[in-house]
Structure formats: C-alpha cells, structure tokens
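Data block below; observations after.
The values are calculated or read from the model by the stated rules, or taken from the named source; none is laboratory data. Worth saying up front: this structure is predicted, and the values here are computed from it rather than measured. Virtual Cβ from ideal backbone geometry, glycine too; neighbours counted across all protein chains shown.
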Amino acid sequence: MSERPLTERIRPDGAPITLSEYEAAGGYQAVRKALGGMSPKDVLQVVKDSGLRGRGGAGFPTGVKWSFVPENPHPKYLVVNGDEMEPGTFKDRVLLEGDPHLLVEGVILASYTIGADVAFVFLRGEYLESERQMKKAITEAYAKGYLGKNILGSEYSLELYVHMSGGRYICGEETALLNALEGKRGNPRTKPPFPQTSGLWGKPSIVNNVETLCNLPGIIAKGPEWFKGLSKTANGGTKLIGVSGKVKNPGLWELPLGVTFREVIFGHAGGMRDGLSLRGIIPGGASTDYLTEEHLDVEMDYETVAKVGSRLGTGTMILMDNKTCPVGMIHNLITFFAHESCGWCTPCREGLPWAEKTLRAIERGEGVMEDLAVLDRLVVDLGPGMTFCALAPGAMAPLGSGLKYFREDFERHIREQRCPWK
Amino acid sequence: MLTEDLIHEIDHEAAVFEQRRGACIDALRVVQRQRGWVDDESIQDIAAVLGMTADEVDSVATFYNLILRRPVGRHVIRICTSVSCWIMGSEMLVEYLQRTLGIGLGETTKDGRFTLIQNQCLGACDHAPALMIDDDLHRDLDPGKLEKILAQYQ
C-alpha cells in the first residue's frame, strides 16, 4: 500500500479529525518547523524543489506562482479556492469535511511563505458541512495559538476567515473569485495585473486550491525528495482521483500520480456495471476533453494526459457507458456551461446558448447535418484565445473531443431524426 | 426592516473586509437564511447598511444562483441535474418530483410546502443522483427513497 499523506487520517465514515487527533498524528509539526527556524524564502525553495503543481485543474507550479508576490504592500492575502463547482468533482469536500486541520496547517504555511496577513477560505455555498467543520477547526486553531497574533510565539501573525459563495461556477476562476470575495458580481478580471501583485482590493494575493494547500504540511515536514517519491512519474506527489458514472464502485482514492486509467477504473472502481461497457472518459471534471478505451493505459499525470489531447484537470473522472447517449451527455455539459457563463464577453454569452440549442435540437431528432458544421465552428470560435477567460474554452473541450470521437452518434441522431438511446 | 440582530450579524461579517461592501453576499445569505428569500425591501436595507446603492446590491443578488429573489415554500428542494447525476438517472427524479408535487422546476406547491429548483453539481458524484432539501444533502437516490425522505419535510 502506497503512502496517502492527504487522506491517511480520514475516517472511513468521514467524521472530522479533531485538533488533538490531528496533533497526535504529527499535525502542526510542519508549522512548528517552518516558523521555528525556516525563513519564508527557505519554505518557498522547498515547495519549488518539490515540484508541487496546482490541484484545482490548471496544474501551475505552486512555488513559481508564489514567487511573484512582492514584499510590499500589506495587507497581503491568501485565498483558498474551495469553490468546487466543476461538474463531476467531489474531492475537496472530502478534505474539508474529513481533515479540516490539514487545510488550516497548509494555509498557515502558504501564508507565512508569501507574507500574508489575512487568509480566506472561499467555499461553495452548498458545502454547509464543510463550512461547519472549517469554522470549528479554525476556532480550535486560534485557541491553541496556531492562528492569530504571534503564532507559536513567533513574529508572524495571521487571521483566517471562511467565506461562503453565493453560487456560480465562474467563481472558481481566480480573478472572478476575488471579485466575489469583494462582494461584487463574479466577473473575471483583465490579466495583467495578476493577483500576485494586484489581487484582493488591489493587494498582493495568492489563490490556491484546497488539495494543493493540503500537500504542504507533508512537503515541509518530510522534504521535497519524499514528495517526489510518492509519485510514479516526474510530477511529484499523490492525487485525489475520483470516478463517477456507472461503475460497480464509484468513489475517491488518493493514488500516486502516474497511476493508469485502467488501474483506477477496473481496479479501484471495480469496472463497469454488469452488461455495460466503457465508451468515454472525461478525465478531470466537465471542462476536460473526452478520452476513450484506447487511452486506458495512459498514466495519469499532467504531461501524459495532455499528450493524448486532454487534461488531468481536477482528477475526478466521469465515465460514459455504452447505454448513455453521447449527444445527451454533451448537451447536459453545455447546458451547464451556458447557464454558468458570467455574460461578460460576447462569444461565451452568445456562443454557449447557441451550442446548447443546436445540441438540444439534434438530441430531440430535429437536427440537420449543417448543425455539425455550426458546432465545429463554435469549437474554434469559443476556443482558447477567443474569449475573456477559460470558461468557454473549457466548455468546448468535451464538445470538440465529443464531435471527434462520437461523430457517428451525432450523425445517426440527424439521419434517424431521433435519439437512438431513447 | 432588518432586525437589530440581522444588522449586527452583517456588521460582524463586514468587519473582516477592507471595504464594507465585501460583505454584500454574506448579507444576502444572512437575510435569506432567516426569511427564506430576499425581498426588495431587504435589498434596500442591505444597501443602506453596507453603503451601497440598492441597484448595486440587486445586481449582485441576481448574479448568484443561491440567492433567491422570489418567495419560496417552507422547504427548498435543490435537485442536481449535472452530468454525473444525469448519467445516474436524475431525469427520473425530476419527473417523479414534478409529478408528485404537481409543480415544474422553479415553482412552489400551492400549500407552500415545497419549492423545486434545479441545482448545479452538488459535489456528491460518487453517490449520484443527489439533491439537497434545505440544508440536508441526500444521496444515492431513487424515487422510492425520495418518497420516504419527502415525508420528513412537512
């Protein structure tokens, strides 16, 4: 059994680990180590050396992201992105509810490194149990001197608050999240300036995903070489990997990066339910390209999944079986993105509803062959570089790849003027 | 009018932000938690408390999925219709709820007991299909289980 630093303490029933249990398992030793003798620069170097990459979807190297934060001005902010709204994604919830002190410790380490004075945990509005557990953990951490003025007798002070979102997918985009945290509509901001220099209220800010931050206590306590050794590939660490869809045993597991899709789907998730076969894999949340059975032996890490035309994304995969209609599934995904477009830029605001209506017509048996050319065109026009932020390009990932892999299913809908699955 | 308690709670939320308007979403959530939804008067009251215009507060309120600007029933059902739940049969649950309650999505039963709303992915994909009733998450559902669950909300 490989090491599971993120989830080893989590109980089978998911009931939260208390402060004393967390401490007994070695918790807060990384904070003691960092604040007791490492400079912020030392911590930054360790995180850079570990090669830790963002676990929220984009996979940007965390240490590099931090290195752009200037000395001044203050206050500086650390913001935890716990707005887990990517359809098919259910990983951060497990950490927030099951081991909230792991996140608090990760927040302290990140905040110390960038010199943050205040940190916010931004949670999606429906995660009420996560809110309860995080607030309880934060209260406990204040009482033991891990938060507040002069943490553990050091010169360093940090305030930590929880903010509940009003609910909108775009708030997972870091600049939209900052606007939401300022009490505004969650429209993304122009970059540059990047949040590192001008973020929350124009102050230097870092936005990191929950799982990313939860990796820090292990990295600081045990070092970068240990972290790299957790993985089967050049990308260091473990990853929370989930499976939903019609498998025998849907769930979430902490696995070494580099595990293959086959091991996850047919090992951990028990394979497809009886009578069903696998047709499509959306590897890491709704905004990643479909893969198929031919990709089962691909190793799950950032570069390898990218090489075959998709993304590791959030690492929580959605499986399409042979009795699920690809057109219906893609229509469901595009309906989500069309609803969640913030409306700021024209291609996204107008293009996604157009794609949705076209897909709906095809699914209902009212499509014409020319609709496929319209969809092909939209995949280009809403693709990378054509829109203000990554929402529409993310939406085009399953549509573009779906048109590639399941084109005969689209054509059959149009030829037969019905959904063959109904 | 907002009660003293509500104003106090909004002030408490606002204290952590560099600017008071940072607490706009918190304020909307605070009011909705007590009243079920946010009416026009509350929008004006929140604006006054946070030093914003009512239009600014309303533009924020209407942006977010979870802020309700129309009256709702005693219990709000938020059914997940996103991809994993869809694969696992959420359409069947939507049909069951619409038939049983006699309402469409976005509507409230005549007796004021339930409002039925479509929700984006609830992050319970390994236990799909799922829905929330008020603050409670219910998972691994089928119409039979749902029938028993509905009975708990009178």
ask   = Does segment A:77-93 contain any residue that is crowded, with 23+ Cβ neighbours inside 10 Å, at pLDDT 95 or above, within 24 Å of residue A:170 (Cα to Cα) and out of contact with any helix residue (DSSP H, G or I) (no Cβ under 9 Å at 6 or more places or on another chain)?
value = no
task = Output the helices (runs of 4 or more DSSP H) that fall wholly within segment A:355-422 and possess 3 or more residues being crowded, with 22+ Cβ neighbours inside 10 Å and in contact with an Asp or Glu (Cβ under 8 Å, 6 or more places away or on another chain), or say none.
result = A:391-405
message = If a residue must be within 17 Å of residue A:125 (Cβ to Cβ), within 12 Å of chain A (Cβ to nearest Cβ) and among the polar types (S, T, N, Q), how many such residues does segment B:34-72 contain?
response = 2
message = Can you pull out every residue in segment B:32-43 that is part of a helix (DSSP H, G or I) and surrounded by 15 or more Cβ atoms within 10 Å (Cβ to Cβ)?
response = B:32, B:35, B:42, B:43
key: helices (runs of 4 or more DSSP H) within segment A:63-179 that include 2 or more residues within 14 Å of chain B (Cβ to nearest Cβ)   = A:92-98, A:128-143
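With respect to residue B:47, is the statement that it is over 30 Å from residue B:142 (Cα atoms), surrounded by 22 or more Cβ atoms within 10 Å (Cβ to Cβ) and outside the structural domain of residue B:112 (by TED's automatic domain parsing) true?
Working: over 30 Å from residue B:142 (Cα atoms): yes; surrounded by 22 or more Cβ atoms within 10 Å (Cβ to Cβ): no; outside the structural domain of residue B:112 (by TED's automatic domain parsing): yes.
So residue B:47 does not fit the description; no.
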remark   = Of (1) within 15 Å of residue A:120 (Cα to Cα); (2) under 20 Å from the mean Cα position of the chain (by Cα), residue A:138 fails just (2)
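Out of the strands (runs of 3 or more DSSP E) lying entirely within segment B:92-149, which hold 2 or more residues that are under 19 Å from the mean Cα position of the chain (by Cα) and away from chain A (no Cβ under 14 Å)? Before you say what the answer is, go through the steps one by one.
On the way: elements: B:114-119, B:131-133, B:136-138.
Ranges flagged: B:114-119.
Search segment B:10-31 for residues being among the charged types (D, E, K, R), more than 17 Å from residue A:128 (Cβ to Cβ) and in a helix (DSSP H, G or I), and hand back the single one that is farthest from the other protein chains (Cβ to nearest Cβ).
Step one: filter segment B:10-31 for residues among the charged types (D, E, K, R), giving B:11, B:13, B:18, B:20-21, B:26, B:29.
Add one more test, that the residue is more than 17 Å from residue A:128 (Cβ to Cβ), and what stays is B:11, B:18, B:20-21.
Then drop every residue that is not in a helix (DSSP H, G or I), which leaves B:11, B:20-21.
On the way: B:11: 14, B:20: 8, B:21: 5 Å.
If we take residues in segment B:10-31 being among the charged types (D, E, K, R), more than 17 Å from residue A:128 (Cβ to Cβ) and in a helix (DSSP H, G or I), then B:11 is farthest from the other protein chains (Cβ to nearest Cβ).
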task = For segment A:181-200, name all the residues that are free of Cβ contacts under 8 Å to residues at least 60 places away in the same chain and facing chain B (nearest Cβ under 9 Å).
result = A:182, A:183, A:184
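Conditions (1) touching a strand residue (DSSP E or B) at 6+ places or on another chain (Cβ under 6 Å); (2) assigned to a helix (DSSP H, G or I); (3) among the acidic types (Asp, Glu); (4) surrounded by 20 or more Cβ atoms within 10 Å (Cβ to Cβ), marked per residue:
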site: A:2; (1), (2), (3), (4): yes, no, no, no
site: A:36; (1), (2), (3), (4): no, yes, no, no
site: A:42; (1), (2), (3), (4): no, yes, yes, no
site: A:49; (1), (2), (3), (4): no, yes, yes, no
site: A:56; (1), (2), (3), (4): yes, no, no, yes
